[in-house]
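The values are calculated or read from the model by the stated rules, or taken from the named source; none is laboratory data. Everything numeric here is computed off the predicted structure, so don't read it as measured data. Cβ placement follows ideal geometry from the backbone for every residue including glycine, while neighbour counts extend to all protein chains displayed.
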Amino acid sequence: MSEWLALTLAMAASCAVVISVVTLRQRRIPDDDDPSETPDVIEYMTMMIGVVYAIVLGLAIAGVWEGRSDAQTGALQEAQALHEVSARVQVYPPAVRDRTRADIDAYVSYVVHTEWPYMAAHGALTDKGTALLEQVRRDVSDHAPTTDLEGQAYQPIVDQVGLADQARTARGQNAGATMPPIVWFGLIAGALVTVGLIFTLQIRRSARELLLAGLFSALIAFLLFLIWDLDAPFTRGLSVTAGPFLDLFPNVTG
């Protein structure tokens, strides 16, 4: 089942549950019931709890979106740093230059075709990917500059490899879900309380009131799904892809 189909079913189910509860509850209300008898304090508490929960949802969405943006920026930084290394080793002797570029291509190809799917499935990096990047580091650090031009390029190339390694480490830290279970408990419990409080109001079976109740519950379900989807930047529907590597190293697409 696709994630978007699951979202549609969850939203439809939440609407159906709320509308069904409202309808069944309405049948048990006596005919002489006055909807204006709802205490003002209940309306005030319902409004305040809804506002507080809206703030919590907003903070959660902002947090997971920031995590996804950081993951996307890190992937671009890693690919760009490796591209800089591949370009700057032009001043090295042909043997060192070709070996370094071949090892970079091998690392990028492994990341795109093997490590990225593994990372999405297991939430972690692979040892082989670490070893391939370490080989690139040895290629550029073990070469002793023999000319002034090589000496000027040596340290910037080593620094770019360090940036790639740092971005790779950050990618591994962001590979899995970041929201702790206690936060999910609070979000789900808050959703149940917020939706449940609408039953304390005197909702009738009019089309307008049923529509608003259903849309409100569907909105809560959608926001929770959005948080869940963004919580794992490399795994789910709105995941970060290996596009930066493919853009900067088009020769590894095969």
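Condition (residue is in a loop (DSSP other than H, G, I, E, B), farther than 30 Å from Pro117 by Cβ and basic (Lys, Arg)) applied to region 232-246: is it met by at least one residue? No, region 232-246 has no match at all. Inspect region 51-71 for any residue being under 30 Å from Val158 (Cβ atoms), touching a residue at least 12 places away in the same chain (Cβ under 8 Å) and out of contact with any Ser or Thr (no Cβ under 7 Å at 6 or more places or on another chain) and give the result as yes or no. Taking every residue of region 51-71 in turn, at least one turns out to be under 30 Å from Val158 (Cβ atoms), touching a residue at least 12 places away in the same chain (Cβ under 8 Å) and out of contact with any Ser or Thr (no Cβ under 7 Å at 6 or more places or on another chain). Among the helices (runs of 4 or more DSSP H) confined to region 55-163, the ones with at least 3 residues that are at pLDDT 90 or above and surrounded by fewer than 18 Cβ atoms within 10 Å (Cβ to Cβ) are located at 94-110, 127-141.
A Cβ distance below 8 Å, combined with a sequence gap of six or more or placement on separate chains, defines the contacts here; from region 137-153, residues that are in contact (Cβ under 8 Å) with a residue 60 or more places away in the chain reach residues that are part of a loop (DSSP other than H, G, I, E, B) and of a type outside the set (Asp, Glu) in the pairs Ala153/Tyr92; Ala153/Pro145. Residues of region 50-65 include none that is touching a Lys or Arg at 6+ places or on another chain (Cβ under 8 Å) and not basic (Lys, Arg).
For (1) under 30 Å from Leu5 (Cα atoms); (2) under 24 Å from the mean Cα position of the chain (by Cα), each residue gets a yes or a no:
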{"position": "Ser141", "(1), (2)": "no, no"}
{"position": "Thr147", "(1), (2)": "no, no"}
{"position": "Ile182", "(1), (2)": "yes, yes"}
{"position": "Phe216", "(1), (2)": "yes, no"}
{"position": "Leu230", "(1), (2)": "yes, yes"}
{"position": "Leu246", "(1), (2)": "yes, yes"}
{"position": "Phe249", "(1), (2)": "no, no"}
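When Leu163, Leu187, Leu149 are checked against the criterion of being under 30 Å from Ile55 (Cα atoms) and of a type in the set (A, V, I, L, M, F, W, C), Leu187 stands alone in meeting it.
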